[in-house]
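In what follows, a single structure is set out as structure tokens and then discussed.
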Amino acid sequence: MGSYVPGTKQEQLAMLSEIGLSSMDDLYVDVPADLKLQNGLDLPEGKSEMEVAAQIKELAKANKVYDTIFRGAGAYRHFIPAMVGNVVNKESLQTAYTPYQAEISQGILQSIFEYQTMICELTGMDVSNASVYDGGTAAAEAVAMCVDRKRKKALVSATVQPSVLEVIKTYAFGSGTEIVVVPEKDGVTDAEALAQMADKETACVLIQSPNYYGTLEDAQKLGEIAHGVGAKYVMSTNPISLGILKTPAEYGADIAIGEGQPLGMPIAFGGPYLGFMASTKAMMRKLPGRIVGETTDDDGRQAFVLTLQAREQHIRREKASSNICSNQALCALTVGVYLTTMGKEGLKEVAVQSASKAHYLAGKLEEAGLKVVNGGEFFHEFVTESDKDSAAVLAALDAEGILGGLPLEGNKILWCCTEVNTKAEMDKVAQIVKEVK
Amino acid sequence: MLVFEKGAPGRGMQILPKCDVETVSFGEDVSRAEAPRLPEMSESEVSRHYSDIARRCHGVNDGFYPLGSCTMKYNPRINEVTASLPGFTEIHPLQPENTVQGCLKAIKDTEDALCAITGMDAMTLQPAAGAHGEFTGLLLIKAYHEARGDKKRTKILVPDSAHGTNPASAAMNGCSVVSIPSDEDGYVDLDALRAAAGDDVAGLMLTNPNTVGLFDKNIKEITNIIHECGGLCYYDGANLNAIMGVVRPGDMGFDVVHLNLHKTFSTPHGGGGPGSGPVGCKEKLAQFLPSILVEEDADGLHMTKAADSIGEMKNFYGNFLVVIKALTYIASLGAEGLKEASQNAVLNANYMMHKLKSHYTMACKGICMHEFVMDIGDIKDATGVSAMDIAKGLLDYGIHPPTMYFPLIVHEALMVEPTETETRETLDHAVDVFIELAERAKSDPEALHSAPHNTVIGRPDEVKAARQPVLKYDFAAE
């Protein structure tokens, strides 16, 4: 049986005796006898480290690891520099608690401050929090930031990642916020429909660009419609794209959000990832979760602390802006290490290569008989349509160890490329697709 | 020094090969005006930067961490190894079902084990943290009442000793919060509970053992009172580490529970996350669970959704790698090991409390569970030394302070949770330090008011931080 209890049976008995008890059962005198578990837990016996390692490895082996992936749709396989794993596995960083005790937590606090700065640099916004759970919950929290007594309706574009829309709706079921979906037209948000739907009760307009299909939205125009009725403008974006594309701030967003996973986290069957949230200074005090600020200590030295805590649940209780407590701090550290390692030029290079490869693959797939149907410019994801049966296309790729794009309705497929995909792989994909009748 | 103050323009590493296809560029109308000001550093500079960051942190590996309600137990290394297997880290969440059978099995095995430990019928691993689990659990309760056409239930009862997330979660759920007072021994005041129980009550949120460190022996009566008024009972699993294998929330009468895998099940806190907050429920609530449910038939394991699901709580299936760590832990300890862990957590707390009770006033008199609360009120009255001062004094000894000023019902509270993974020597040493600090409060209160003295910074000016917020690096000041 594995155990992390250091005390031997003799030590345990000695300690019991020191406090005047004779058995472990004596510690549970307050637990009513009829509630106590009579036959122990219905679980297997414990195992040695070697046995457990083998047992869990068996589970891992029962999954198929694709050497080549052309699927994104909210989870993106990028190259992760060796430095990232090296840093996030440092025990002092990995096993520390939330840095409430600032004097012995300056390292973590500084890393979050650096993360906040980087998110502000990427998005162009004034203020970033220390992270929320993922891109979906970031979107839901952003909606909650905008709702007030007069404005209780959020307009969310149909072109956001479907699961993000689902999360927004679930949170809204709790709070009683009305979520209205703005229809899409030709794969982008229908601006005319939005203009008709937006009114004085609209708390915010939430869009994603590049959207679920990879297409760049007319983010300028959509933001103007939102602001035209006095609503807030929430823009979700892929952080890699911000290496080259216009920032949410440049589009006039009040809140910028997104899924931080592409910044150094493995796809890992969906988590842990990270939700980033940044806002204008005007909305700073509505941001949920932890925020680190710079100050000085009693000797005037630079110091970092958790700040603006009057927003948070442990102070405000039922009046808090959110209930969030634990966040994704180690993932925020991951982002910091990733962006520091890739650096100014490196992030740009990831963005350029991802987009370039997606455009190369799109061209090759068109040659192979698929049609790209994005309604405008795309970043590193795109949608194809054809007479070929998607299941047959994907099965042919699968047989070669390639995870193709995500099948959508009809015979549409949502493809994704990142810098890890090589020209040789893409040529191979095109050849395989071409051969599918 | 911040990362932005290091490096030099043009410095960097060669991480990526040259692009092997023709590069595309985007028009000015969609391109950012200026590149983000990210660091430009050599690999060795980056390595040293983060070593410096790590040196100025305090992890469970660095020393004793008796942080009440947070269960800072040792984080086993094997958990990190299993969670790093490429067979988990390199799996896309939208892969075909037949290619993720191992992930689904891991989810199912974890759910089954957590059901066995809590006495629940069904479990979801989707919530990412404890508070997220609370929100999920309360949504289940809301969906349950609404499905029965019972829409008048808008109140959530929460004891005054509860964690702040409880009332905040209730508010996110559109409910009003009714605070239930504790009696003078720290238990739920049954008369007050009866008075509040009515047909407008959606449910009660409770942690047992409670935040004073006591197992509420009236628990069955408490859950009965709520059920009789038509409400449901929610178990906050923050304190589950005291009772594994001894007693189960499901048997106490709870309908919904959330767990904190980053507390009870040994996954690291990561400086604030990621955690994982699975939610379990009784059969009558299972139809409302968020996705995904894993079901087994002759072809293998399948992902399905509950019939009347409240919807998605987050993208995909939860903090999956954290789940792998917890599963590794459960497999290591097994039925007996989990019970042994809880017993020793309670033993260590009682051992420390026993040795400290002639030096500090204890908020609970009898036997405590896995944690105990010291009331520094009388020391403060006599010497001016506060709970904060004692906490800061501990920092100079390399001990992480207990949770301060919580629960709120004890005004100068220090909440101590040693956990089961500490040696008797560590406990004895910490006891000596606590006693020394109690003595110093009398002999030299100034030394404690100005503590800590041996840390990299002294007490930070929190008022200044909040009044003049500086929340990012000022590049203009370069």
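Taking the square roots of 5 times each eigenvalue of the Cα gyration tensor of chain B, largest first, gives ellipsoid semi-axes of 37, 35, 23 Å.
Seen from residue B:315, the other residues with C-beta closer than 14 Å to its C-beta sum to a net charge of -3, counting Lys and Arg as +1 and Asp and Glu as -1. Above 46 Å, the calculated P(r) of the protein assembly as shown contains 23 percent of its Cα-Cα pairs. Once A binds B, the 1.4 Å probe can no longer reach about 15900 Å² of accessible area, counting both sides.
Under a 5 Å amide H cut-off, with hydrogens placed 1.01 Å from N, residue B:362 pairs with B:375 among residues at least 5 apart or on other chains. The Stokes-Einstein estimate for the range A:82-337, based on a Kirkwood radius over Cα pairs and taken at 10 °C with 1.306 mPa s viscosity, is a diffusion coefficient of 86 µm²/s. Scalar couplings 3J(HN,Hα) for the range A:277-290, obtained by applying the Karplus form with A = 6.51, B = -1.76, C = 1.60 to θ = phi - 60°, are 9, 9, 9, 6, 4, 4, 9, 3, 6, 9, 4, x, x, 6 Hz; x denotes Gly and Pro. In whole percent, how big is the carbon plus sulfur part of the accessible area of the range A:9-57, probe 1.4 Å, protein atoms only? About 52 percent, which is the carbon plus sulfur part of the accessible surface.
Most tightly packed first, judged by the mean number of other beta-carbon atoms within 10 Å of their residues, the peptides B:55-63, A:156-164, B:343-351, A:367-375 read B:343-351, A:156-164, B:55-63, A:367-375. Couplings 3J(HN,Hα) of the range B:52-69, computed from phi: 5, 4, 5, 5, 9, 9, 10, x, 4, 6, 8, x, 4, 9, x, 8, x, 6 Hz, in residue order, whole Hz [Karplus 6.51 cos²θ - 1.76 cosθ + 1.60, θ = phi - 60°; x for Gly and Pro].
Taking θ as phi - 60° and the Karplus parameters 6.51, -1.76 and 1.60, the scalar couplings of the range A:366-383 work out to 5, 4, 7, x, 9, 10, 7, 10, 4, x, x, 4, 10, 9, 10, 10, 7, 10 Hz in sequence order, x denoting glycine and proline. Can you give me the angle between helix A:49-61 and the longest principal axis of chain A, using Cα atoms only, in degrees from 0 to 90, rounded to the nearest 10? With rounding to tens, the tilt is 20 degrees. DSSP beta bridges in the range B:87-218, what fraction antiparallel, as a percent rounded to 5? Counting only bridges with both partners in the range B:87-218, antiparallel ones make up about 10 percent. When the inverse distances between all different Cα atoms of the range A:9-57 are averaged and flipped, the Kirkwood radius reads 14.0 angstrom.
Scanning residues 5 or more positions from residue A:185 or on other chains, those with amide H under 5 Å from its amide H are A:190, with H placed 1.01 Å from N in the peptide plane. With the gyration tensor restricted to C-alpha atoms of the range A:1-107, the semi-axes of the equivalent ellipsoid amount to 42, 25, 16 Å, longest first.
Among B:40, A:51, the order of accessible area from largest down is A:51, B:40, computed with a 1.4 Å probe on protein heavy atoms.
Averaged over the residues of peptide B:128-135, the number of Cβ atoms from other protein chains lying within 10 Å of each residue's Cβ is 6. What the Cα atoms of the range A:81-195 give is an Rg and a Dmax of 18.7, 55 Å. Interface burial in the range B:338-380 reaches 40 Å² or more for B:340, B:343, B:344, B:347, B:351, B:354, B:367, comparing the full protein assembly with the chain by itself; accessible area from heavy atoms with a 1.4 Å probe. Burial of accessible area (probe 1.4 Å, heavy atoms of protein chains only) in the range A:337-372, relative to its chain alone, reaches at least 50 Å² for A:340, A:341, A:344, A:353, A:356. The residues neighbouring residue B:76, those whose beta-carbon lies less than 12 Å from its own, together hold a net charge of 0 under the Lys/Arg +1, Asp/Glu -1 convention. Interface burial in the range A:90-106 reaches 30 Å² or more for A:90, A:91, A:92, A:93, A:94, A:95, A:96, A:97, A:101, A:103, A:104, A:106, comparing the full protein assembly with the chain by itself; accessible area from heavy atoms with a 1.4 Å probe. In the range A:82-337, the portion of solvent-accessible area held by carbon and sulfur atoms comes to 48 percent [1.4 Å probe, whole percent, DNA, RNA and ligands not counted].
Amide H to amide H, with H built 1.01 Å from N, residue A:126 comes under 5 Å of A:279, A:280, A:281, counting only residues 5 or more places away or on other chains. Within the shell defined by Cβ-Cβ distances under 15 Å, the residues around residue A:14 carry a net charge of -2, with Lys and Arg each +1 and Asp and Glu each -1.
Remark: mean inter-chain Cβ contacts per residue of B:24-31 equal 6, using a 10 Å Cβ-Cβ cutoff to other protein chain atoms. Rounded to the nearest 20 debye, the dipole size of chain A about its Cα centre is 780 debye, using +1 on the Cβ of Lys and Arg and -1 on the Cβ of Asp and Glu. Rolling a 1.4 Å probe over the protein heavy atoms gives the range A:82-337 an accessible area of 27 Å² per residue.
For the segment B:160-166, counting C-beta atoms of other chains within 10 Å of every residue's C-beta and taking the mean gives 4. Accessible surface for the range B:190-271, divided over its residues, is 19 Å² per residue with a 1.4 Å probe. Each residue of the range B:77-333 gets 124 Å³ once the volume of the Cα convex hull is shared out per residue. Centroid-to-centroid, using Cα positions, the range B:34-92 and the range B:247-275 are 22 Å apart. For the range B:337-463, the share of accessible area belonging to carbon and sulfur comes to 51 percent (1.4 Å probe, ligands and nucleic acids excluded). Placing unit charges on each Cβ (+1 for Lys and Arg, -1 for Asp and Glu) gives chain A a dipole about its Cα centre, and among A:17, A:75, A:242 the Cα reaching farthest toward its positive end belongs to A:242. When peptides B:110-117, B:72-79 are ranked by their average number of other Cβ atoms within 10 Å per residue, the highest-first order is B:110-117, B:72-79. Short-range pairs are left out: with C-alpha atoms under 8 Å and at least six residues apart, the relative contact order of chain A is 20 percent.
Packing around the peptides B:165-177, B:132-144, A:174-186, A:285-297, taken as the average count of other Cβ atoms within 10 Å per residue, puts them in this order, highest first: B:132-144, B:165-177, A:285-297, A:174-186. Across all Cα pairs in chain A, the calculated P(r) in 20 Å bins from zero up to the longest distance comes to 22, 48, 25, 5, 0 percent per bin. Once the 1.4 Å probe is applied to the protein heavy atoms, the range B:296-351 comes out at 26 Å² accessible per residue.
Here, the range B:70-165 has an Rg and a Dmax of 18.0, 50 Å when only alpha carbons are counted.
The values are calculated or read from the model by the stated rules, or taken from the named source; none is laboratory data. The structure displayed is predicted, hence computed values, not measured ones. Heads up, the Cβs are rebuilt from the backbone with ideal geometry, glycines too, and the neighbour counts pull from every protein chain shown. Just so you know, the surface numbers come from the protein's heavy atoms only, side chains and all, with ligands and any DNA or RNA stripped out. Shrake-Rupley method; radii C 1.70, N 1.55, O 1.52, S 1.80 Å.
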